[in-house]
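A short reminder: the numbers here are calculations on the coordinates, not readings from a lab. The structure presented is a predicted model; accordingly, all values stated were derived computationally and were not measured. Note that each Cβ is placed from the backbone with ideal geometry, even for glycine, and that neighbours are counted across all protein chains shown.
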Amino acid sequence: MSGSRDRGAGPLEEVTRALADLDEPRVLELVEGMLQAGESPLAVVRACEAGMRTVGEFYEQHEYYLSGLIMAGEIFREVMALTQPALEHELSGTASGSILLATVAGDIHDIGKNMAGVALRSFGFAVEDMGVDVPAERLVERALQLRPNLVGLSGLVTASYESMRATVRLLRERERTSGGRLPVIIGGGTLDQEVCVFTGADSWTTDAMEGVRICQQLVLGAAAG
Ligand code: B12
């Protein structure tokens, strides 16, 4: 894995590899270089996300251990710090709404949730982020108090699907007495349509930008209905 720097590859491919190799100085050097050269910050982040997926695969294949996941998380955090101002600028849009965001109980992954938060804020959404490992009860209580336009749940580990389901169930149960119906979107790199159906969420995504578009549609749909 290490030393896989590819002479023919462009900087986007190179940063994917450098992240997969956990080569922190190289990742940061490439990211800074690309931003200075005017590369799209979204393209830079997407290339890094691809590297994160490879890290996950290496972990599954026992080529990396937990320390590899931790390092990847740290590197991605630094990438986000470098790209965030340019990313917000690139993404800025006009649609608006409000969303209550959280990583569900039993899950501490927050990089994707934070990125979704950045993307949503850039598009004019007011975002309240409750953090990670948030129990259904606490989330639903806050949702009914705050009455945002949407609820966004993040989760990557399999156990989070059960928490998402419990959260959606509790929300729907409480809405029977309190009234209203808050649309719920779930996000995370390991999700699919089947998980969405299992949890009872209204929509799902594995991509922050697609997530923004879905959130915009859900807000419009709720306003129309
Ligand atoms: C980094 C990482 C970690 C870091 C997380 C650091 C952090 N602060 O988040 C640490 C080291 C803490 C970690 C821990 C663990 N991890 Co981990 N981790 C990863 C890794 C490599 C990358 C995740 C990531 O940040 N990706 C980059 C972000 C940007 O992508 P994303 O999360 O998908 O988010 C994007 C979209 O999904 C979307 N999005 C996300 N959330 C939301 C929400 C909304 C509302 C919207 C609209 C959009 C949206 O927007 C983002 C941008 O596009 C993944 C591999 C993978 N394939 O994902 C494994 C992975 C998720 N981890 C895994 C495992 C097993 C673990 C541990 C159980 C390991 C252990 N033995 O302890 C623990 C879990 C602890 C727990 N209970 O949560 C497995 C999960 C397998 C499973 N199906 O259950 C994976 C898939 C690795 C693997 N292939 O085996 N991990």
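Here segment 130-155 is the region considered, the condition is being over 14 Å from Ile185 (Cα atoms) and within 10 Å of the ligand (Cβ to nearest atom), and the residue that is farthest from the chain's Cα centre (by Cα) is Asp133.
Name the residue that is farthest from Ala43 (Cα to Cα), counting only residues in segment 54-89 that are of a type in the set (S, T, N, Q) and surrounded by 13 or more Cβ atoms within 10 Å (Cβ to Cβ). This residue is Thr54. Restricted to segment 179-216, and to residues there that are part of a helix (DSSP H, G or I) and without any contact (Cβ under 8 Å) to a residue 12 or more places away in the chain, the residue that is farthest from the ligand (Cβ to nearest atom) is Val197. None of Glu57, Glu39, Glu63, Glu78 is of a type in the set (D, E, K, R), more than 30 Å from Leu146 (Cα to Cα) and within 8 Å of the ligand (Cβ to nearest atom) except Glu57.
Restricting the search to segment 182-205, which residues are among the β-branched types (Val, Ile, Thr) and buried (at least 17 other Cβ atoms within 10 Å of the Cβ)?
If the condition is that a residue be among the β-branched types (Val, Ile, Thr) and buried (at least 17 other Cβ atoms within 10 Å of the Cβ), then Val184, Ile185, Ile186, Val195, Thr199, Thr205 are the ones that fit.
Confirm whether Arg121 is closer than 30 Å to Met71 by Cα, surrounded by fewer than 22 Cβ atoms within 10 Å (Cβ to Cβ) and more than 10 Å from the ligand (Cβ to nearest atom). In short, yes.
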